[in-house]
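Input: a single structure, listed below in structure tokens.
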Amino acid sequence: MAALTGRIIVGGPPNSGKSTFSESFARALRQLGIDAYAEDLDLASPTLEFIRGTKGWTQRQGSKEWTPQLAERAAAMFEEASTKHTVVIGDAPGRI
């Protein structure tokens, strides 16, 4: 059986469940023994730390302003995570 590897970007409208799906999918893959990680690519309004319980709702609120600099930083984070994990699920901003 071939090993599962890859990078996945989850996109969609704001507040459509992208972050919840990304984290749930990564957890399900880990339960199957696959090294999977969900990377929060919405640096203007990060959500995964809130879902994981590492930050509260008020800490989640970001600048809400997406910039080219944030896009470049998110791309670098996604690439870096891809060197550390077999499967990386990128939780994209709702306004891509």
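Each reported figure results from applying straightforward, stated rules to the coordinates on display, with no laboratory input. The structure presented is a predicted model; accordingly, all values stated were derived computationally and were not measured. Glycine also receives a Cβ, built like all others from the backbone with ideal geometry; neighbour counts cover every protein chain displayed.
In this structure, the amide hydrogen of Ala38, modeled 1.01 Å from its nitrogen in the peptide plane, lies closer than 5 angstrom to those of Ile89, counting only residues at least 5 positions away or on a different chain. Which angle from 0 to 90°, rounded to the nearest 10, does the C-alpha axis of helix 18-31 make with the longest principal axis of the chain? Roughly 20 degrees, rounded to the nearest 10.
Over the chain, calculate the relative contact order: mean separation of alpha carbon pairs under 8 Å at least 6 apart, over the residue count, as a percent. Can you show the working numbers first?
Values: 148 pairs, mean separation 45.3, N = 96.
RCO, the chain: 47 percent.
Applied to region 74-79, the Karplus parametrisation 6.51 cos²θ - 1.76 cosθ + 1.60 on θ = phi - 60° returns per-residue 3J(HN,Hα) values of 4, 4, 5, 5, 5, 4 Hz, with x for Gly and Pro. When each of the peptides 38-46, 72-80 is scored by the mean number of other C-beta atoms lying within 10 Å of its residues, the order from highest to lowest reads 38-46, 72-80. Residues whose amide H lies under 5 Å from that of Lys55, counting only those 5 or more places away or on a different chain, are Phe50; hydrogens are built 1.01 Å from N in the peptide plane. Rounded to the nearest whole Hz, the Karplus-based 3J(HN,Hα) values (6.51 cos²θ - 1.76 cosθ + 1.60, θ = phi - 60°) of region 35-41 follow the sequence 6, 10, 9, 9, 9, 7, 9, with x at glycine and proline.
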